[in-house]
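Note sheet for the following structure.
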Amino acid sequence: AAMAAASLTVTLLAELLARIFCSPVTAYLVCALIPLVPGKGIFEAIRCWILDYADAGTWARLTFLQGAGIAAGCLIAAGVARTLAGYRKQKKEAAS
């Protein structure tokens, strides 16, 4: 849940900054999402798998859930931003 909330916030801010500065969202989003990547979980899952420890599945599951949370937050925020942009465009066209 924490990863989803963090990526949701970051994506909404990236969408806002991209609209303000007329630049691609990806430029802001990639830089902001890199710190959220669960690198320790990936490392520990692979290390435990190579050394044949029982913890490999636990680490892999935790890392997968964190990654899924990041993806879910990005998808929800991008959907909200596109919906609002479409609504704004529709409202502008109706006014003219």
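Read-outs throughout are calculated quantities, based only on the coordinates presented, and are distinct from any laboratory measurement. Bear in mind the structure is a predicted one, so any value in this text is a computation, not a measurement. Please note: Cβ atoms are built from the backbone with ideal geometry, for glycine as well, and neighbour counts cover all protein chains shown.
Selection over region 1-10 of residues that are over 14 Å from Pro35 (Cβ atoms) and assigned to a helix (DSSP H, G or I) gives a count of 3.
The residue that is nearest to Ile34 (Cα to Cα), among those in region 77-96 that are over 9 Å from the mean Cα position of the chain (by Cα) and of a type in the set (A, V, I, L, M), is Ala78. The set of residues from region 20-54 being among the charged types (D, E, K, R) and surrounded by 13 or more Cβ atoms within 10 Å (Cβ to Cβ) comprises Glu44, Arg47. When restricted to residues that are over 23 Å from the mean Cα position of the chain (by Cα), surrounded by 13 or more Cβ atoms within 10 Å (Cβ to Cβ) and in a helix (DSSP H, G or I), region 55-76 contains 1.
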